Amino acid sequence: MSTSASPVEPQGSLTYRGRFAPSPTGPLHFGSLVAAVASYSQALAHGGEWLVRIEDIDPTREIKGAAGTILASLEAHGFEFPAPVFQSTRLDIYDNAITRLIGANLAYPCSCNRQTLAAMAKPGRAGLIYPGTCRNGADTSQRPATAVRLRTAALPITFTDGLQGRMSCVLSHDIGDFLLRRGDGLIAYQTAVAVDDAAQGITEVVRGTDLLDSTFMQIYLLEQLGLNAPQYAHFPVVTGPDGVKLSKHNRATKIDNNQSKFNILRALSFLLQEPPQSLKTASLQGIWSWVAENWDFGRLAGLRNRPEKSIMTR
Ligand code: GLU
């Protein structure tokens, strides 16, 4: 990691800027390494910048020390990046965005809890579709309105994904008014990600298809805030032998920092880059130089959700 100041404000240039935004819910595992390699390689190939943002806004899911462990793993694998941004230091910025949206009547306080929603709401693409109960004023006789929701519209949100092609969804119908602030008072993931991607001047978000539906929400939220959305490209995520996405929750094995070259080559192979045998004896720096020259993003379109053998057992 270099010591230069962390860019939080947009630089106003057209320089490619990518990012990797891990939540500190566990150490880096092979699935998250693949996400880091994909976004970093794309930035390298564009001669651009790559930022690391630690998404530590949910203390209920955070594992103590995980942020430091993730950063140490990235450094051990030769990723270069400015000082990372920690979202926990930016809570007032997310608060301001929410206040602004409520002030403009684009968002509203909500007093519904899980039980009432479970009884009333239909399942949608990204969880339950909020039935709009508090849209015209929250009933606070039973509970305070601690959550905040964004008003969604019956218009299609459309974008061209760099790998998945044209994507479209009607937010009010498919997803519903979604949370900007959760009932427990915590900032919702969508709010922090959208605000920061804009604030950091990210030009392209490269991440797993598990976050595809979130993209519709983030694009719409950015539009409501009057901010520009980045480009997006979603690649199929790494799954375990059971077909379930590798995640810190299902105890995917921590990557071994002493096997950094092997891990990067394995991630590049997973990403269909066919690194040559000769790289096995190259330095870590040599591998990254090869990536800068030879990265072929288009190959990721050939990826399908597929288990990577032996990931869970290593
Ligand atoms: N923090 C999210 C995660 O670790 C990723 C956010 C993103 O890439 O937009 O799953």
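The values are calculated or read from the model by the stated rules, or taken from the named source; none is laboratory data. Everything numeric in this text was worked out from a predicted model, so none of it was measured. Cβ placement follows ideal geometry from the backbone for every residue including glycine, while neighbour counts extend to all protein chains displayed. Ligands, DNA and RNA are excluded from the accessible area calculation, which covers all protein heavy atoms including side chains. Shrake-Rupley method; radii C 1.70, N 1.55, O 1.52, S 1.80 Å.
For the stretch 49-68, the tally of residues that are within 19 Å of the chain's Cα centre (by Cα), part of a loop (DSSP other than H, G, I, E, B) and away from the ligand (no atom under 12 Å from the Cβ) stands at 3. Here Leu71 meets each of (1) out of contact with any strand residue (DSSP E or B) (no Cβ under 9 Å at 6 or more places or on another chain); (2) more than 13 Å from the ligand (Cβ to nearest atom); (3) aliphatic (A, V, I, L, M) with one exception, condition (1). Please find, within the stretch 200-216, the residue that is farthest from the ligand (Cβ to nearest atom) out of those that are open to solvent by less than 20 Å² (accessible area, probe 1.4 Å) and part of a helix (DSSP H, G or I). Of everything passing the filter in the stretch 200-216, Phe216 is farthest from the ligand (Cβ to nearest atom).
Counting only residues that are touching a Leu at 6+ places or on another chain (Cβ under 8 Å), part of a helix (DSSP H, G or I) and open to solvent by 10 Å² or more (accessible area, probe 1.4 Å), the stretch 69-85 holds 1 of them.
If I filter the stretch 2-48 down to residues being modelled with pLDDT under 95 and among the aliphatic types (A, V, I, L, M), which single residue comes out as nearest to the ligand (Cβ to nearest atom)? So the residue we want is Val8.
Can you name the residue in the stretch 161-199 that is among the hydroxyl-bearing types (Ser, Thr, Tyr) and part of a helix (DSSP H, G or I) and is also least open to solvent (accessible area, probe 1.4 Å) among such residues? Give the derivation first.
Residues of the stretch 161-199 that are among the hydroxyl-bearing types (Ser, Thr, Tyr), as a first pass: 168, 172, 189, 191.
Keeping just the survivors that are part of a helix (DSSP H, G or I) gives 172, 189, 191.
On the way: Ser172: 42, Tyr189: 74, Thr191: 4 Å².
Applying the filter and picking the extreme gives Thr191.
Working carefully through the options Leu222, Leu227, find the one that is open to solvent by less than 10 Å² (accessible area, probe 1.4 Å), away from the ligand (no atom under 12 Å from the Cβ) and either out of contact with any His (no Cβ under 6 Å at 6 or more places or on another chain) or not in a loop (DSSP other than H, G, I, E, B) (or both). Step through it out loud before you land on a result.
Numbers: Leu227 fails: open to solvent by less than 10 Å² (accessible area, probe 1.4 Å).
Within the list Leu222, Leu227, the selection yields Leu222.
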